[in-house]
1. B:Thr123: assigned to a strand (DSSP E or B) and more than 10 Å from every other protein chain (Cβ to nearest Cβ), yes or no?
2. Looking at (1) more than 25 Å from A:Phe82 (Cα to Cα); (2) in contact (Cβ under 8 Å) with a residue 60 or more places away in the chain, which is the only condition B:Ala67 fails?
3. If A:Tyr70 meets every condition in (1) surrounded by 14 or more Cβ atoms within 10 Å (Cβ to Cβ); (2) more than 12 Å from chain B (Cβ to nearest Cβ); (3) hydroxyl-bearing (Ser, Thr, Tyr) apart from one, which number is that one?
4. Search the range A:69-96 for residues being farther than 30 Å from B:Val108 by Cβ and among the aliphatic types (A, V, I, L, M), and hand back the single one that is modelled with the lowest pLDDT.
5. So B:Leu71 ticks every box in (1) away from chain A (no Cβ under 12 Å); (2) surrounded by 12 or more Cβ atoms within 10 Å (Cβ to Cβ); (3) more than 21 Å from A:Pro63 (Cβ to Cβ) but one. Which box is left unticked?
6. Under 6 Å between Cβ atoms, which residue pairs at least 6 apart in sequence (or on different chains) link something in the range B:123-146 that is closer than 15 Å to B:Ile55 by Cα with a partner that is β-branched (Val, Ile, Thr)?
7. Would you pick out the residues in the range A:56-113 that are in a strand (DSSP E or B), more than 24 Å from A:Pro14 (Cα to Cα) and either without any contact (Cβ under 8 Å) to a residue 24 or more places away in the chain or acidic (Asp, Glu) (or both)?
8. With B:Ile35, B:Ile73 as the choices, which residue is modelled with pLDDT under 60 and either of a type outside the set (Gly, Ala, Ser) or under 30 Å from A:Asn65 (Cβ atoms) (or both)?
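The values are calculated or read from the model by the stated rules, or taken from the named source; none is laboratory data. Bear in mind the structure is a predicted one, so any value in this text is a computation, not a measurement. Positions of Cβ are generated from backbone atoms using ideal geometry, with glycine treated the same way; all protein chains shown enter the neighbour counts.
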Amino acid sequence: MTDNQSALAQQQAPFVVPPVDIYEDDGGITVIADLPGVSRENLAVRIDGEELFIEAGATAVAPENMELIYGEAQFSAYRRQFTLSRELDATQVEANLKDGVLRLRVPKAEAAKPRRIEVRAG
Amino acid sequence: MLNATFRPSADMFSEIGRLQGLLDQVFRPAERSPIRALAKGSFPVINVGNTPEAIEVMALLPGVDAASLQLTIERGVLTIAGERAAPDPQGAVTVYAQERYAGPFRRVINLPDDADPSRVNATHRDGMLRVTVSKRESSRPRQIQIA
């Protein structure tokens, strides 16, 4: 398959939208995503312009000869994307993956942090 | 994790299916979904499978410490219970999304008669719990030699 076709096929493969918690404070935005079964090698967090992409694959732990009786989780790919706003500094994203939980920290650009403006008398 | 199609099997397992179905829908999140997408009864998400040697239960438990998890077998019933703490926002001013389940949880799985409760193995990795309950030796198919 050409690169385009394989990329398209991967995008059309069924995937799960991971649940997230998103908080904003004065310093930036924190995104916490549930990605069970995902280890560092299978996780890709990338920024493309103003878009933040989270793409991951869970490793199957089931033995080869297993017959699925009851499956609430049928897909092993996770995908989610967010549009960042311009005051966020996309070059300073910090990511941490532990026990299947991804924590992203996107700080605000220095100029965008709330500041008190001194009012001079006179 | 498993791309096998769901095939209804022995009666005892379709019992779970019906009971679970009453409580919560099969977990298939949509790409666009309301902010509180998880139904109360569907954490953790579980898969149950069957091999000739054992029953396999997989539970998706991201962010749950294995030490705080209560995994018990009693009278043929496997219970996975515990509590997931809500993340501490540490002075956050705005909460935009809180889709991840926080709080106590409990999932119960009926095990068939040939499950051997004394031979259970559980591993926990990357937020995925895998419980393997071996089947009794005597119930496994055996060839009988004719003298």
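1. Numbers: assigned to a strand (DSSP E or B): yes; more than 10 Å from every other protein chain (Cβ to nearest Cβ): no.
Criteria not met by B:Thr123.
2. All conditions pass for B:Ala67, except number (2).
3. (2)
4. Here the residue is A:Ala90.
5. (3)
6. B:Arg130/A:Val61; B:Arg130/B:Thr123; B:Val131/B:Val57; B:Val133/B:Ile55; B:Val133/B:Val120
7. Of everything in the range A:56-113, those that are in a strand (DSSP E or B), more than 24 Å from A:Pro14 (Cα to Cα) and either without any contact (Cβ under 8 Å) to a residue 24 or more places away in the chain or acidic (Asp, Glu) (or both) turn out to be A:Glu94, A:Asn96, A:Lys98.
8. Checking each option against the conditions leaves just B:Ile35.
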